[in-house]
Amino acid sequence: MKLLWKFNLIFVLVFAAGLGVSAYVLRNLLQQQAQDEVIDRARLLMEKAIAVRSYTSTHIRPLLDTQMKYSFLPESVPAFAATEVIAALHKTYPDYSYKEATLNPTNPRDRAVDWEVDVVNQFRNRAELKEYIGQRQPDTGRALYIARPIRITDAACLRCHSTVDAAPRPMIERYGPANGFGWNFNEVVGAQIVSVPMALPLQRADEAFKVYLAAVAGVFVVVGLVLNGMLWLLVVRPITRLAALANQVSLGDMNAPEFAQKGRDEVAELAASFARMRRSMVEALKLLDA
């Protein structure tokens, strides 16, 4: 096998191994960055819902206490306010969602579905768990969700959710006496769940990955061409000429032209050594003829 072919084979093998390792590392890094970006968005949406809840509980509910004696106003309920605010955002960004999934809700729209029940039970079975992150595949595409427990830590909540007799009459007239009761203090009754799409961040990560691979491949091709050119000019061509000259001399052609190689590199030293050897052979042949 020619020297140039050997060099290119080793170069391609090294390139393939290096590209494979770097591609694996980079892809995982980009995927992780995309997931971290989605998690940040989900947490931002969660904090917005919590802020709405807090504002409603602190500022809105006290203003409506008097009216609540005569008619139930769901706008005074922190969970309702947070859900409505994020629902308005959902109209513009339909892939973003927020739900206060509850096992036994007053409002039927908050009832937890199958996978949400599993999330709520995670919090009910593990008291130390403060946040749960998972992924699911709804019809709209792959999504990441963050869930936090809804735990009854405010005794005021039990005024509406302990027993039917203790609940405000307007609330019972609006939602009925069948749901939303029997809650206990410090019990996990549901989970705040924010769902954020992953398609766009993952698509961006894939595009960045493809650009990186193309750039690295382009750099290796350019480097390969430059190294091939240098190897041909500095090594292969002079050694090929020197090999041809050595073949002529070995066949007894002492009139073959001198091989001139300028410089101080290894090829020039080899050429100088061959020239000395050739002169020595000529002198030895003259002595034998004499």
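Do we find that R204 is basic (K, R), part of a helix (DSSP H, G or I) and either free of Cβ contacts under 8 Å to residues at least 40 places away in the same chain or within 30 Å of L103 (Cβ to Cβ) (or both) in this structure?
It is false that R204 is basic (K, R), part of a helix (DSSP H, G or I) and either free of Cβ contacts under 8 Å to residues at least 40 places away in the same chain or within 30 Å of L103 (Cβ to Cβ) (or both).
Can you pull out every residue in region 132-168 that is surrounded by 13 or more Cβ atoms within 10 Å (Cβ to Cβ) and either within 15 Å of V38 (Cα to Cα) or not assigned by TED's automatic domain parsing to the domain that holds D118 (or both)?
Within region 132-168, Y132, I133, G134, R142, A143, L144, Y145, I146, A147 qualify.
If I ask for residues that are polar (S, T, N, Q) and in a helix (DSSP H, G or I), which ones from region 61-95 would you list?
T66, Q67, S76, T83, T92
Out of region 119-131, which residues are within 17 Å of Y145 (Cα to Cα) and either assigned to a helix (DSSP H, G or I) or touching a residue at least 40 places away in the same chain (Cβ under 8 Å) (or both)?
Of everything in region 119-131, those that are within 17 Å of Y145 (Cα to Cα) and either assigned to a helix (DSSP H, G or I) or touching a residue at least 40 places away in the same chain (Cβ under 8 Å) (or both) turn out to be V119, V120, N121, Q122, F123.
Taking into account only those residues within region 170-209 that are closer than 23 Å to Y93 by Cβ and of a type in the set (S, T, N, Q), which is nearest to the chain's Cα centre (by Cα)?
Ranking the candidates gives Q203 first.
Taking the conditions exactly as written (surrounded by 13 or more Cβ atoms within 10 Å (Cβ to Cβ) and assigned to a helix (DSSP H, G or I)), does E116 satisfy them or not?
yes
Quick check on this structure: which one of P149, P138 is under 30 Å from N104 (Cβ atoms), at pLDDT below 85 and within 33 Å of the chain's Cα centre (by Cα)?
When all the criteria are applied, what remains is P138.
In region 75-106, how many residues are free of Cβ contacts under 8 Å to residues at least 60 places away in the same chain and surrounded by fewer than 19 Cβ atoms within 10 Å (Cβ to Cβ)?
The qualifying residues number 12.
If a residue has to be among the hydrophobic types (A, V, I, L, M, F, W, C), touching a Ser or Thr at 6+ places or on another chain (Cβ under 9 Å) and in a helix (DSSP H, G or I) to count, how many in region 163-182 make the cut?
Residues that pass the stated criteria total 1.
Only one of (1) in a loop (DSSP other than H, G, I, E, B); (2) surrounded by 15 or more Cβ atoms within 10 Å (Cβ to Cβ); (3) hydrophobic (A, V, I, L, M, F, W, C) fails for F185. Which number is that?
Exception for F185: condition (2).
Inside region 1-57, can you point out the residues that are more than 30 Å from G229 (Cβ to Cβ) and of a type in the set (S, T, Y)?
Y24, S54, Y55, T56, S57
Going by what's in this entry, would S22 be described as closer than 19 Å to R148 by Cβ and of a type in the set (S, T, Y)?
no
Do we find a residue being within 27 Å of D95 (Cβ to Cβ) and either outside any helix (DSSP H, G or I) or of a type in the set (G, A, S) (or both) anywhere in region 235-250?
Scanning region 235-250 turns up no residue that is within 27 Å of D95 (Cβ to Cβ) and either outside any helix (DSSP H, G or I) or of a type in the set (G, A, S) (or both).
The values are calculated or read from the model by the stated rules, or taken from the named source; none is laboratory data. Here the structure is a predicted model, which is why all the values come from computation and not from measurement. For neighbour counting, all protein chains shown are included, and Cβ atoms are generated from backbone atoms with ideal geometry for every residue, glycine included.
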